[in-house]
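The values are calculated or read from the model by the stated rules, or taken from the named source; none is laboratory data. Model, not experiment: these values are computed from the prediction. Reconstructed Cβ throughout: ideal geometry from the backbone, glycine too, with neighbour counts over all protein chains shown.
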Amino acid sequence: MTETSRRERRDAIEGCLENLRHAVHCHDNGCTLPRCSKMKRVVAHTRQCRQSKRENPCAICKQLVALCCYHAKNCQSARCNMPFCGQIKRKLEAQELVSLYSRPRAV
């Protein structure tokens, strides 16, 4: 992957995150932001999807969780209201602890 394509991909992800942040905070049913209603539907779908709790979640849920993982890795808020952020941060912290304690120690 070239530097340009990496940058374009990162910019696309950041754009999706901005849309998600807006949709999570937006309570206007008539919001005119083009991606707001779509992102609200994605979040609502993920809350209701029966397949999301299974081992093999649907494509919509997978994409939203991946976007939320990207967000959570850099999120510094203790009370973030982005979907899945708290859960993902706890899992990342647990993985970090496991890797910390499983490293061989210098004697």
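If a residue has to be touching a residue at least 60 places away in the same chain (Cβ under 8 Å) and not aliphatic (A, V, I, L, M) to count, how many in segment 1-40 make the cut? Going through segment 1-40 one residue at a time, the tally reaches 1.
Would you tally the residues in segment 21-34 being under 18 Å from the mean Cα position of the chain (by Cα) and over 19 Å from Tyr70 (Cα atoms)? Quick ask: steps written out before the conclusion?
Restricting attention to segment 21-34, the residues satisfying the condition of being under 18 Å from the mean Cα position of the chain (by Cα) are 21-26.
Now drop any that are not over 19 Å from Tyr70 (Cα atoms), which leaves 26.
Residues flagged as under 18 Å from the mean Cα position of the chain (by Cα) and over 19 Å from Tyr70 (Cα atoms) within segment 21-34 amount to 1.
Of all the residues that make up segment 50-64, how many are at pLDDT 90 or above and either surrounded by fewer than 17 Cβ atoms within 10 Å (Cβ to Cβ) or outside any helix (DSSP H, G or I) (or both)? Break it down stepwise before answering.
Taking segment 50-64 and keeping what is at pLDDT 90 or above, we get 58-64.
From what's left, either surrounded by fewer than 17 Cβ atoms within 10 Å (Cβ to Cβ) or outside any helix (DSSP H, G or I) (or both): 58-60, 62-63.
Within segment 50-64, residues that are at pLDDT 90 or above and either surrounded by fewer than 17 Cβ atoms within 10 Å (Cβ to Cβ) or outside any helix (DSSP H, G or I) (or both) number 5.
Residue count for segment 78-93 under the criterion of being on the phi < 0 side of the Ramachandran plot and outside any helix (DSSP H, G or I): the result is 6. Filtering segment 4-25 to residues that are surrounded by 15 or more Cβ atoms within 10 Å (Cβ to Cβ), among the hydrophobic types (A, V, I, L, M, F, W, C) and either closer than 16 Å to Lys73 by Cβ or out of contact with any Pro (no Cβ under 9 Å at 6 or more places or on another chain) (or both) leaves Cys16, Leu17, Leu20, Ala23.
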